[in-house]
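To keep things clear, I will list the structure first and then write my remarks on it.
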Amino acid sequence: MDRRELAALLAYIGRLDPRTIRTDKGEARDQLATWHELLGDVPMTTPHGWDARAAARQHIRVSPYQVLPADIARPWESYRRDRLARHTDPTPGADPDDQAAWTAELVGTRRAVAAGSAQPAQYRAITSSQLDPDLKARLRKNGSCIPPEARVALAPYRPARAAREAAVAQGQADALSVRCEWCQAQIGEPCRRRRVAPDGGARGTAPRATPHPGRLDLAAARQAQETEQVQETEQVQPALA
């Protein structure tokens with residue numbers, strides 16, 4: 001705010017709280033100089049929600065004390081922090097090889113957002129929970145949103161998952177559906193190479209591409225048990241009908 005805007009702000013505050021009025025010309029001049037020194041970088045208004053008069057009016061409404069420059073500066077700093085917290089730097093239009101221009105555009109955008117002259121750039125929010133019909137059809141066909149070609153290409157980089165998917169595709173038990181009693185790997189986690197430390201305790205290192213044999217046996221036993229339960233249920237239901 002320049003001196004003219006600060007004088008208008010002090011006149012507005014004086015109408016709401018006469019205690020701030022200075023009748024002596026020297027005191028009024030000193031008051032204006034002090035406020036300009038402390039609030040010279042705070043705008044009177046911005047296109048996006050900031051108004052110094054609203055901050056002053058709010059203070060007078062809720063506080064019994066006279067308005068000080070800090071009572072305007074604190075809401076302004078909160079306004080700046082809130083806008084920057086909601087801002088995500090967009091990709092600059094400058095040449096990425098021109099580091100100075102790239103940085104200058106980023107800094108300029110942030111300053112405009114903080115000053116209230118531009119709206120924060122936010123990630124697009126999720127507006128609907130409905131799935132794309134094409135995605136539903138692909139899920140029914142492939143059983144996953146990852147295409148088979150991509151799954152094959154990723155197999156060398158995630159051998160444990162690839163071995164699991166291959167076993168399930170062949171009708172074998174899913175070893176990762178049970179906890180490994182040897183390496184203590186939890187459900188869904190790959191087995192790890194278990195080594196015995198010098199103190200006698202066990203420690204895990206790199207993950208294994210294939211599960212431990214005991215885990216495979218446990219998963220097969222559970223699968224057989226579940227199959228028997230399903231068969232028994234199917235035999236009981238006709239009898240009850």
Before anything else, pin down the relative contact order of the chain: Cα pairs under 8 Å, at least 6 apart, normalised by residue count, whole percent. 11 percent
What are the extents of the Cα atoms of the stretch 155-232 along their three principal axes, in Å, largest first? 50, 30, 15
On a 1.4 Å probe surface of the protein chains, which of ARG111, ARG215, ARG195, ARG151 comes out largest in accessible area, and what is the full order? ARG111, ARG195, ARG151, ARG215
Could you please put VAL230, VAL152 in sequence from largest to smallest accessible area, using a 1.4 Å probe? VAL152, VAL230
What FRET efficiency, computed as 1/(1 + (r/R0)^6) with R0 = 22 Å and r the Cβ-Cβ distance, is obtained for ALA8 and HIS48, rounded to the nearest 0.05? 0.55
Rounded to a whole number, what % of the accessible area of the chain do carbon and sulfur atoms account for, probe 1.4 Å? 53 percent
To the nearest 10 degrees, how steep is helix 159-169 against the longest Cα principal axis of the chain, on a 0 to 90 scale? 50 degrees
Accessible area (Å², 1.4 Å probe, nearest 10) - THR20: 10 Å²
Report GLU5's accessible area, 1.4 Å probe, all protein chains in place, as a number in Å² to the nearest 10. 60 Å²
VAL178: accessible area at probe 1.4 Å, nearest 10 Å²? 0 Å²
Mean residue ellipticity (222 nm) of the chain, computed from DSSP H runs ≥ 4 via -39,500 (n - 2.57), nearest 500: -17000 deg cm²/dmol
So what does log10 I(q)/I(0) come out to for the chain at q = 0.15, 0.16 Å⁻¹, using the Debye formula with one equal point on every Cα and no solvent? -1.11, -1.17
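The values are calculated or read from the model by the stated rules, or taken from the named source; none is laboratory data. None of the values given here were measured: they were computed from a predicted structure. In this analysis, Cβ positions are derived from the backbone assuming ideal geometry, glycine residues included, and neighbour counts consider all displayed protein chains. Protein only, heavy atoms only, side chains kept; ligands, DNA and RNA dropped before computing areas. Shrake-Rupley method; radii C 1.70, N 1.55, O 1.52, S 1.80 Å.
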